[in-house]
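For reference, the structure discussed in these notes is given below.
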There are 4 protein chains.
Amino acid sequence: MCARFTQALACEFVATVIFIFIVLGSAFKWPLQLPSVLQISMAFGLTIGTLVQAFGHVSGTHVNPAVTIAYFVGNQISIVRSVLYVVLQLLGAITGAGIIYSVTPKDVRHTLALNDLTYGTNPGEALVVEIILTFSVVMCIFSATDKRRTESRGNAALSIGLAVTMAHLIGIYYTGCSLNPARSFGPAVIMGKFSGAHWVFWLGPIFGASVASVVYNYLLYPQKLSIGERL
Amino acid sequence: MCARFTQALACEFVATVIFIFIVLGSAFKWPLQLPSVLQISMAFGLTIGTLVQAFGHVSGTHVNPAVTIAYFVGNQISIVRSVLYVVLQLLGAITGAGIIYSVTPKDVRHTLALNDLTYGTNPGEALVVEIILTFSVVMCIFSATDKRRTESRGNAALSIGLAVTMAHLIGIYYTGCSLNPARSFGPAVIMGKFSGAHWVFWLGPIFGASVASVVYNYLLYPQKLSIGERL
Amino acid sequence: MCARFTQALACEFVATVIFIFIVLGSAFKWPLQLPSVLQISMAFGLTIGTLVQAFGHVSGTHVNPAVTIAYFVGNQISIVRSVLYVVLQLLGAITGAGIIYSVTPKDVRHTLALNDLTYGTNPGEALVVEIILTFSVVMCIFSATDKRRTESRGNAALSIGLAVTMAHLIGIYYTGCSLNPARSFGPAVIMGKFSGAHWVFWLGPIFGASVASVVYNYLLYPQKLSIGERL
Amino acid sequence: MCARFTQALACEFVATVIFIFIVLGSAFKWPLQLPSVLQISMAFGLTIGTLVQAFGHVSGTHVNPAVTIAYFVGNQISIVRSVLYVVLQLLGAITGAGIIYSVTPKDVRHTLALNDLTYGTNPGEALVVEIILTFSVVMCIFSATDKRRTESRGNAALSIGLAVTMAHLIGIYYTGCSLNPARSFGPAVIMGKFSGAHWVFWLGPIFGASVASVVYNYLLYPQKLSIGERL
């Protein structure tokens, strides 16, 4: 039991390091060939899909404080696990951002793919976009991984990954697409640069994910887990 | 039972809001980087795939009056459910179009990704294209979700989403690709602009979907549901 | 039994019409935005994936004489079914090509996406490419649909579709990528234009598919079907 | 038993020939239309996905010495099988590279899509990238194919293929993305050109894959196979 918990923590850290490493590196403004919005969106989605397939059965592969908080709000994981996951996700994001920073030429890494408002988007608009997109992705996560559903749900890891791709196909244009406070926090720490709208990338995803959790776990499919049954 | 029905109606509305919000926003002529036809097609398909995975087990995630009518024609849902779904889909489409309108810079949202005949396509040609494409997508929907099939059908949500992507890869060039009267209606209401060919985006999808329903539910796999067994 | 056979024939015809309609239309040199090789490859693959999901349980969705011949070589379908499938595939391809021809502006449809050797490829080289690619796709078809395999094969329709996408990602550069005599034959009939290398698009796919059938059905997984058990 | 082993060896060779043939051919700098990084990444991933679906149940479709060594390190295959697989993978890579060389115009095949450090990447940085990416892909391979997992893993072949796509979406920018010594070795032999960093494409993938094997097979999911139970 205890070993399993330690493994989950380790996997959550490693998965977040890999996630941040790959998605930042694939989103730089490479002079060889500028990645298109579709290409960046696929990189984010396929990385999540791969990590959920690889580590999901150990830690759940949240790699995202908003997702962990949503599971906590839904009474599916304990407060201890939640806090440790979030801490490890933030440390993992800083580590992943640090590694990709150190292996990438300076003129390529530029601002390290920081999230920020794009030209023409104000914080209120960005908040709306982040809330709606994170809500949609987290609804898909709860639904695709609900063991009580008996019909074929297919490849849950792929469904979740492609939901993340979907969100980036629109979100990149408004905010660079966060959905994930750790994804915004890691590069900001390494670059020592927090934009005035950094709070949007915490409030938006956490609020959107929490609403999804309430809708799924209390309104649509209420479940009563005793404290012992929670992870 | 009654709660389940209310939940289905709510989910159908919310899913349509999200669908229209995401697909319009990802199809604008963004100055940062013009989305390619492939990118837009992926956005439509992955949004449908994500919403079917997220809400399909509650409402079926039709998000499309043509699909709802096809289920009604196939005697699989009641007239009451059909009418309410269509009303909520249209209201959802207007709401989704309104939200994306309000968070997007004016010079980007342009005509709000309205469906219209492209240069060189006449209404008759557009009708043929919309009928064939909607027929194909709806055949895939009935087949991928048929619980009587015992062989592995895999991830039905993904199959349906990618069928929508397929249709857009050709349809965008002819009509912007509707397949869905609500998708055409929502932005038209918000912009107050109905093109002379707007009827094509009602007749084409509804006719194509209905033919698919007759073929699947009466010719290929007839099933007799009593009124109580229908949804 | 007899009704089922008639349905299979009808589905094979309709599926081939839709296949040719969509893939030709999505591969034209559209002035609005030239489709990339990736976009065209996705259109071919997702169309196959959608049609296999939609019609596969009725007819098998061969939509390709080379695939039908491979099933016959593998002793899995009767001579009568084989001949009728091929005839209907060719008629379907002509019909599909005719419909897309009639709804598309003349300056767009151009040569109707005819297969031909690209600059720098000679017939022998084209033959090698078509044989290897068709062999690979047909090995995937037999393997993904083999009911004797008990491990999870996932979404067979999607695997087959994405194998077709794979083949186009390289094949388009050499020959436009046929893999399928019907896909080459249909537009050639409508345009009344058979290139000197047209035979390559019959010999290559049929030979590659037949070799795959021998390898799979006789060498790797021999099965003895009595005449009554064949389709 | 013996026939099965011979079949596995033959399939491993054929699969590697096809893999190298397709991925090199789809990555050339084609003058008709330069393939994007996304397009090349999809070609690599879909080829792996297709070959795993087609040959995986016979040989496991490693097509990669690093993967074979990872299985050996995890005590899942014998030393004899491991050595023969690696030899056949290298021969297959040379053969595949030779075939694509012989059917492609000289000005297109150029350097035969050799792996090399891109401008601005030094060997140490390249090593870090190759290790992290191969580690991630191989974790996904072990997890997606672990028969002891009872929850739905969906289409394992597709998950593995899309993990390969993910890795290329970032790796191409640093090293052309190897992940696989055979993929680097084959074209180098045919071109008679080994870059000074060629060792990176052996050490990086083999080290990353071996670490993944230790983590999965000893730390996370230890299993004791007797010598007779190994393949």
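The values are calculated or read from the model by the stated rules, or taken from the named source; none is laboratory data. Values in this document were obtained by computation on a predicted structure and should not be read as measured data. Because the Cβ atoms are built from the backbone with ideal geometry, glycine has one as well, and the counts that use them run over all protein chains shown. Keep in mind that these areas ignore ligands, DNA and RNA; they rest on the heavy atoms of the full protein, side chains included. Shrake-Rupley method; radii C 1.70, N 1.55, O 1.52, S 1.80 Å.
Our coupling estimate for the stretch D:60-65, obtained by passing each phi through the Karplus curve with A = 6.51, B = -1.76, C = 1.60 and θ = phi - 60°, is x, 6, 6, 6, 7, x Hz, Gly and Pro reported as x. At the residue level, B:E130 shows approximately 0 square angstrom of accessible surface with a 1.4 angstrom probe and all protein chains present.
Interface residues of the stretch B:57-92, defined as those with an accessible-area decrease of at least 50 Å² between the chain by itself and the complete set of protein chains (probe 1.4 Å), are B:H57.
Both numbers refer to the Cα atoms of chain D; Rg and Dmax are 17.0, 55 Å. Here chain B has 70 percent of its accessible surface on carbon and sulfur atoms, given a 1.4 Å probe and all protein chains in place. Computed from Cα atoms, the angle from the helix C:123-144 axis to the main principal axis of chain C rounds to 40 degrees. Take every Cα pair under 8 Å whose residues are at least 6 apart in sequence, average their separation, divide by the length of the stretch C:110-220, and the relative contact order is 46 percent.
Determine the dipole magnitude for the protein assembly as shown: charges of +1 sit on the beta-carbon of Lys and Arg, -1 on that of Asp and Glu, nothing else is charged, the reference point is the Cα centre, and the result goes in debye to the nearest 20.
About 1220 debye.
Think of a 1.4 Å ball rolled over the protein heavy atoms: the stretch D:1-120 then has 34 Å² of accessible area per residue. Among the chymotrypsin sites (Phe, Trp or Tyr not before Pro) in the stretch A:60-134, those placed in a DSSP loop whose Cβ has at most 10 other Cβ atoms within 10 Å are A:Y119.
What shape does the protein assembly as shown take by its C-alpha gyration tensor, where a ≥ b ≥ c are the square roots of the eigenvalues and a/c under 1.5 counts as rounded, a/b above b/c as prolate, and the rest as oblate? Because its axes are fairly even, with a/c under 1.5, the protein assembly as shown counts as rounded.
Take the accessible area of B alone and of A alone, subtract that of the pair with a 1.4 Å probe, and the total buried over both chains is about 3100 Å². Neighbours of D:P105 by Cβ distance under 12 Å: Lys/Arg scored +1, Asp/Glu scored -1, total +1. Please state the relative contact order of chain A as a whole percent: Cα pairs under 8 Å, 6+ residues apart? Contact order relative to length: 32 percent. For C:Y218, the label point sits 7 Å beyond Cα toward Cβ; its separations from the matching points on the remaining copies run 4.8, 4.8, 6.7 nm, from shortest to longest.
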